[in-house]
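Structure first, then comments.
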Amino acid sequence: MTIQLLNASGCLDPLAAPDVARSLDVVVTKTITPLPRAGNPPVRIAETEHGMVNSIGLQGPGIEAFVEESLPRLAGLGVPLWVSVGGFSADDYALCCARLDGDDRIAAIELNLSCPNVEEAPETAAELVSAARGATSRTLYAKLSPAQWDIAESARAVVAAGADGLSLVNTIRGLALDPVTHRPRLGRGVGGYSGPALRPIALACVHACAEAVDVPIVGMGGVFSGSDAVELAAVGASAVALGTVLFADPLAPGRIRAEMAPAVAALGSEGLPANRAPLLSI
């Protein structure tokens, strides 16, 4: 069995680190919104005991500048490309997806439905997916938040609305305090919490969704070793994305690939789901 590796959106600048990008099976862009965004005020990243919190705030050039300036350079890396899109309404998602529709440089679109660092769209995740589906024929992955009681129900809803696959999971809202002042360490206060402590949550979410729907799942959350990646595959992930680990260890993709082989062998074929849906658009 081969476990394909991606980067989690926002955790790699592929143009600044092209060798790291080429060590992955798929490159996922930072989330793109219809209009340019300056992002949240600093401080934007803070380490914690078991991970980190971030509050970037979807900083980006907007969809038009992305397509005209960034996309040609990203396509030149020679790695299948997924574009992450976000927004603050169903119309925002539809606009971005329509702009990307028909562009063969893009293998798939990942819908960031759950960023904890910005105001949420008023529509449900299923309504956002439906709007995106109406705007594009490209493969759509829905990225869901772990901060819900029944993520399996959300998975069924977004698949019914037109999602071809799931990305599980996004960061979960967290708060880090300065040890002296006891004030929030991030400029916005709360942020998205990621790192090793997120892994058990991600495992539970992937397991629940793999039981509920028959679509490819990209598992992510606290993956720092080959064994971590194999655990996500064992509960139903079709591929694994690396996030926080890339900040500490940019060469992690190669190391994790090397570590996965003995972990898979130790688990044996009996320990891996036989019906994992294949990853689309690679």
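The values are calculated or read from the model by the stated rules, or taken from the named source; none is laboratory data. Bear in mind that the values here come from a model prediction, so they are computed numbers and not experimental data. Glycine also receives a Cβ, built like all others from the backbone with ideal geometry; neighbour counts cover every protein chain displayed. The area values use the complete protein model at the heavy-atom level, side chains included, leaving out ligands, DNA and RNA. Shrake-Rupley method; radii C 1.70, N 1.55, O 1.52, S 1.80 Å.
Tabulated data
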| quantity | calculated |
| --- | --- |
| Span from the the range 76-116 Cα centroid across to the the range 158-197 one, whole angstrom | 21 |
| Solution diffusion estimate, µm²/s, Stokes-Einstein, the range 28-144, Kirkwood Rh from C-alpha pairs, 10 °C, viscosity 1.306 mPa s | 108 |
| Summed side-chain charge close to residue 222 - residues other than residue 222 whose Cβ falls under 14 Å, Lys, Arg +1, Asp, Glu -1 | -3 |
| The range 39-107 - percent of accessible surface contributed by carbon and sulfur, probe 1.4 Å | 50 |
| The range 209-258 versus the range 2-21: alpha-carbon centroid distance in Å | 13 |
| Inter-label distance, nm, simple model (7 Å from Cα along the C-beta direction), residue 173/residue 255 | 3.3 |
| Per residue solvent-accessible surface (Å²) - the chain, probe of 1.4 Å | 42 |
| Of all accessible heavy-atom area on the range 133-230, the percent that carbon and sulfur account for (1.4 Å) | 54 |
| Table column - 3J(HN,Hα) (Hz), the range 76-88, Karplus curve with 6.51, -1.76, 1.60, x for Gly and Pro | x, 6, x, 10, x, 10, 10, 9, 8, 10, x, x, 10 |
| Net charge over other residues, Cβ less than 12 angstrom from the Cβ of residue 175 (K, R count +1; D, E count -1) | +3 |
| FRET efficiency for residue 22 and residue 265, using Cβ-Cβ distance with R0 set to 30 Å, rounded to 0.05 | 0.70 |
| Amide proton proximity set for residue 32, modelled H, under 5 Å, gap of 5+ | 84, 85, 86 |
